[in-house]
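Read the structure below first, then the notes.
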Amino acid sequence: MNFKPIFEKKERPIVIAGPCSAESEDQVMQTAHALKQQDIDLFRAGIWKPRTRPNSFEGVGVIGLKWLRKVKEETGLKVTTEVANAMHVYEAMKYGIDVLWIGARTTVSPFAVQEIADALSGTDIPVLIKNPINPDLKLWIGAIERIYEAGITRIGVIHRGFSSFDDKTFRNTPRWQIAIELMQQFPKLTFICDNSHICGRRDILQPVAQKAMDLNFHGLMTETHPDPDNAWSDAKQQITPAVFKELIDSLVLRKTTSNNEEFLHNIEDLRSQIDLIDNEILDLVGKRMQIADNIGVYKKLNNISILQPKRWSEILSSAVNKGKLRGLSEEFIEKFLKAIHEESINHQEAVMNRMEA
Ligand code: PEP
Ligand code: MN
């Protein structure tokens, strides 16, 4: 796929800011004028809001498009809003919205995305596609393909995290690896990090934005509101334009690469050390699986089940303690060992099935 950039600007970060929802003409205009002074690249405001439960504020609807048109006229800023069906697309285009975005609850539904794609066909408006709420990279890619096949080439993606039932830090767990995988597969897409919906709170917006920059994201989408505490939606995560300016000014932008000889030499050296260790890890994991195969045979002969819960929890807690001594987080050790354990179970199962056949 031959994606084109959405923004002309070459230097990072590309900045998209504005309120979660358009609430009133005053609130929209006040936010836009404050953000205009900060030279943002795109002004956002939700007009139709997908809310989890009914009877909460579901957006002002079409009247908000008039306010966005006024933002364009008065400030010269480009504007974007969320579309979730064909009617939204037609209305948004009628009012001259510059960029459309597809929300996380829409990306999950191929029917909805196809309806939007069909409505877009024949236009060349840029589209930003948020990740689906569930951590399914294929579904995200599917939405990109549907929009691309409708003839849209200026496509970007917005990483806004994935819903989780037990994350205590984030509103939506980032699972950066999924965005990184998408970057590897589609390096020409524009990558935006929506730190507001990942965090769900103000105090960690900065480190998440910095992390996105360190992972080579092109830009940020951050919800800004003149009076965040009294916002009609997502009050806890919105910040004032002034605080937003501090956030942007605080970002450290590192180069994606360097031509400096000494740097290249040293990094090459460190990378070959990493490669050696990765090979050793793979050798060891391979050996571990051979032993798992033997255990599978032995359990089969003795008619013993594969999963031994007591043994597994002993392995896990001892590894967590050992990992801590080596500077490894509990979260990482758990993920790492669970993956190894799963593979080990698969090996034992395969051996047992083979013996049965
Ligand atoms: C939003 O950007 O306000 C929004 C509704 O986002 P998401 O689709 O990521 O939940
Ligand atoms: Mn929001």
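Throughout, read-outs are computed from the coordinates displayed, never taken from laboratory work. Worth saying up front: this structure is predicted, and the values here are computed from it rather than measured. We place every Cβ from the backbone using ideal geometry, glycine too, and count neighbours over all the protein chains shown.
Quick notes on this one:
- Converting phi to 3J(HN,Hα) with the Karplus coefficients 6.51, -1.76 and 1.60 and the offset θ = phi - 60°, segment 84-101 yields 10, 7, 5, 4, 4, 4, 4, 4, 4, 5, 4, 8, x, 4, 7, 9, 10, 10 Hz in sequence order, with x at every glycine or proline.
- Nearest-20 debye value, segment 14-250 charge dipole, Cβ charges on Lys, Arg, Asp, Glu: 240
- Bridge orientation summary for the chain: considering DSSP beta bridges with both residues in this region, about 5 percent are antiparallel.
- Residues whose amide H comes within less than 5 Å of that of Thr240, counting only those at least five positions distant or on another chain, are His225 (H built at 1.01 Å from N in the peptide plane).
- Once you reduce segment 26-75 and segment 94-111 to the center of their Cα atoms, the two points are 15 Å from each other.
- Gain on full extension, evaluated as 0.36 nm per residue between Phe332 and Leu253 minus their Cα-Cα distance, stands at 25.7 nm.
- In this structure, the amide hydrogen of Ser21, modeled 1.01 Å from its nitrogen in the peptide plane, lies closer than 5 angstrom to those of Gly46, Ser233, counting only residues at least 5 positions away or on a different chain.
- The chain: calculated mean residue ellipticity at 222 nm from DSSP helix runs of at least 4, using -39500 (n - 2.57): -16500 deg cm²/dmol
- Of Lys310/Lys338; Lys49/Lys188; Lys10/Lys94; Lys130/Lys245; Lys9/Lys188, those spanning more than 19 Å from alpha-carbon to alpha-carbon: Lys49/Lys188; Lys10/Lys94; Lys130/Lys245
- Dipole check for segment 261-356: with +1 at the C-beta of Lys and Arg, -1 at the C-beta of Asp and Glu, and the Cα centre as origin, the magnitude is about 840 Debye.
- For segment 179-270, alpha-carbon Rg and Dmax in angstrom: 16.5, 54
- Amide H partners (placed H, <5 Å) of Thr173, local residues excluded: Phe162, Ser164
- Here the Kirkwood formula, the inverse mean of 1/r across different C-alpha pairs, assigns segment 261-356 a hydrodynamic radius of 15.6 Å.
- Sites Lys236 and Leu301, calculated FRET efficiency, Cβ-Cβ separation with R0 56 Å, nearest 0.05: 0.45
- Segment 1-21-segment 133-189 distance, computed between alpha-carbon centres (Å): 16
- Per residue Cα convex hull volume in Å³ - calculated over the chain: 193
- Inter-label distance for Arg201 and Thr123, nm, one decimal - labels placed 7 Å from Cα along Cα-to-Cβ: 3.9
- Pair Met29, Glu356: separation of 7 Å Cα→Cβ label points (nm): 7.3
- Whole-Hz couplings from phi, Karplus 6.51/-1.76/1.60, listed for segment 131-148; x for Gly and Pro: 5, x, 4, 8, x, 10, 4, 5, 5, 5, 4, x, 5, 4, 5, 4, 5, 4
- 24 Å Cα-Cα threshold exceeded, pairs from Lys78/Lys236; Lys168/Lys324; Lys138/Lys324: Lys78/Lys236; Lys138/Lys324
- Ile315-Phe165 pseudo-label distance in nm [points 7 Å out on the Cα-to-Cβ vector]: 2.5
- Extreme residue, positive dipole direction of the chain, given options Tyr148, Pro309, Thr256 (C-beta unit charges): Pro309
- Between segment 293-357 and segment 201-271, the alpha-carbon center distance in angstrom: 39
- The charge dipole of segment 127-275, taken about its Cα centre with unit charges on the Cβ of Lys, Arg, Asp and Glu (plus for the first two, minus for the last two), comes to roughly 380 debye.
- Degrees separating the helix 241-250 axis from the principal Cα axis of the chain, which is the longest one: 50
- HN-Hα J in Hz across segment 209-224 - Karplus 6.51, -1.76, 1.60, θ = phi - 60°, x for Gly and Pro: 5, 5, 4, 4, 5, 5, 9, 6, 4, 7, x, 10, 10, 10, 6, 10
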